[in-house]
Amino acid sequence: MRGEGCPFSKPGDYWLLKKTLYGLRRSPRHWYKALSKALADMGLVPCAHDPCMYTGKSQSGATIYVGIYVDDVIYYGSDDEAESWFETKLRKHITVNFMGAVSWYLGVYYEWGRTPDNLLTVHLSQEAHVHKLLEKEQLLECIPATTPYRTGTPIDRIPHNGVSPDKKLTLIKRYQSALGGCVWLSTNTCPDITAWISLLVSHIQNPSEGHLQSARHLLKYLKGSADWGIRYTSPDPNAIDLSESRLRGEVQWPIGKPPAVETRQFVTHTDSNWGPQDASAPKDGELRSDDECRSLAGVATLFMGGPLDWTAICEKRMSRSSCEAEIKAMDEGCKILEFIQHLFRELEVPDGKYPAPLLYNDNKGGVCWALLEAITKKLRHLNIREVAIRDAVRNNDVVLGHIPGVLNFADIFTKEMKDVQHFLNLRSALMSPHILIPIDDRPRHNQGGY
């Protein structure tokens, strides 16, 4: 490093850095190497599909799972002895503070409690993070919005103001600041805003005042849903074998009906819109921009009856039909399923040995195309090497099936919902408000920091 500002250095002198200092650009890399070496000396091995996930065996042979994010760590052992072994071994390598059962991790609040019928439940939410975003944009006293969408103002139709990005740096910085915090929410505990986030971030480099107002409207929606998140609950001992101690999610769609599949089986719903976000047809003589014509694919994966992974992806090349757009959505869902399965097998999670996961889509033409392996005249232009859903079906990596559109909750990830009640129903299927009865007998999921 250069010795600028040092009274003992001559002009042009450089200093050799012998120890990484906190705040330098290279510090996270050096810290990761030091922590990885410590975990490797303990016999823990990183996953090839996620190098921040470690697994290994304790001295007693029990399995220990470790997840790291910079200097925060969360760990879980199959018994108390495995966790005590991990804590003792790690203290010999690194100075660490163990903070007990998880209540906060990476801004996510784990609220443990009891339901009215005395079942153990945990609710994951980021209400504090939402309040921080509202305070930054001076919206703490705003009137909450019912949905994240601005009715009559589709994102892909908001005009750019014609000003070059280098002349509106203040607007861009403010837009990116507001949207960055919302992206963190949609990644962790707020699947209901994922589609809107995907549309907004496509203008992250060149927003206009209209885009900023749409981002602020999203914050107004979050004010009214700040306490909503993802919930898992213990099984009812009167209905399920008591040996099954896993927490289960509460996704029910249609509302009020129990899940039709085994909860320990991966279930993925895929959907896609074709055309603009509001699904409107062009008027006579109206020209649509390229951004409007790119479809938005939605994918949601359930495990143990709760949302495990969700995403909304804007396609890179325009689809020529709704069937083609749905095929691309199925392919995205297939890739996510295969990644999750590989990760579960690396972690030696028993559930990874269960039957092939289910993958649903509501387009009969796309499902038939993937199952029949026939080159149809309307779809022969597809690049088969890029769309591997057929290979996955053939190798029994996934079991593909058709589902009616009204039962496909991935619809919430694909477009603006004009039907407010439909949006609220889909949100209630995936998420729930906070719990009210706190408890202290939380399961072992421990947290540490360095």
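The values are calculated or read from the model by the stated rules, or taken from the named source; none is laboratory data. In this text, all values refer to a predicted model and were calculated from it rather than measured experimentally. In this analysis, Cβ positions are derived from the backbone assuming ideal geometry, glycine residues included, and neighbour counts consider all displayed protein chains. Just the protein is used for accessible areas: all its heavy atoms, side chains included, with ligands, DNA and RNA removed. Shrake-Rupley method; radii C 1.70, N 1.55, O 1.52, S 1.80 Å.
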### Task
Quickly run through segment 175-193 and pick out the residues that are surrounded by fewer than 21 Cβ atoms within 10 Å (Cβ to Cβ) and in contact with a strand residue (DSSP E or B) (Cβ under 7 Å, 6 or more places away or on another chain).
188
### Query
Taking segment 53-69 as the search range and keeping residues that are touching a helix residue (DSSP H, G or I) at 6+ places or on another chain (Cβ under 6 Å) and open to solvent by 50 Å² or more (accessible area, probe 1.4 Å), which one is farthest from residue 88 (Cα to Cα)?
60
### Summary
Of the listed residues (394, 288, 317, 294), the one being modelled with pLDDT under 85 and more than 26 Å from the chain's Cα centre (by Cα) is 288
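Quick check on segment 376-391: of everything there that is within 15 Å of residue 333 (Cα to Cα) and open to solvent by less than 20 Å² (accessible area, probe 1.4 Å), which residue is modelled with the lowest pLDDT?
We begin by selecting, within segment 376-391, every residue within 15 Å of residue 333 (Cα to Cα); these are 386-391.
Going one step further and asking which of them are open to solvent by less than 20 Å² (accessible area, probe 1.4 Å), we end up with 387, 389-390.
Values: 387: 78, 389: 87, 390: 85.
Filtering segment 376-391 for residues that are within 15 Å of residue 333 (Cα to Cα) and open to solvent by less than 20 Å² (accessible area, probe 1.4 Å), the one modelled with the lowest pLDDT comes out as 387.
Mind checking which residues of segment 198-225 are hydrophobic (A, V, I, L, M, F, W, C) and open to solvent by 10 Å² or more (accessible area, probe 1.4 Å)? Spell out the reasoning first.
Keep residues of segment 198-225 that are hydrophobic (A, V, I, L, M, F, W, C), which gives 199-201, 204, 212, 215, 218-219, 222.
Correct list: 199, 201, 204.
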### Query
For segment 11-27, which residues satisfy the criterion of being surrounded by 12 or more Cβ atoms within 10 Å (Cβ to Cβ) and either in contact with an Asp or Glu (Cβ under 9 Å, 6 or more places away or on another chain) or small (Gly, Ala, Ser) (or both)?
27
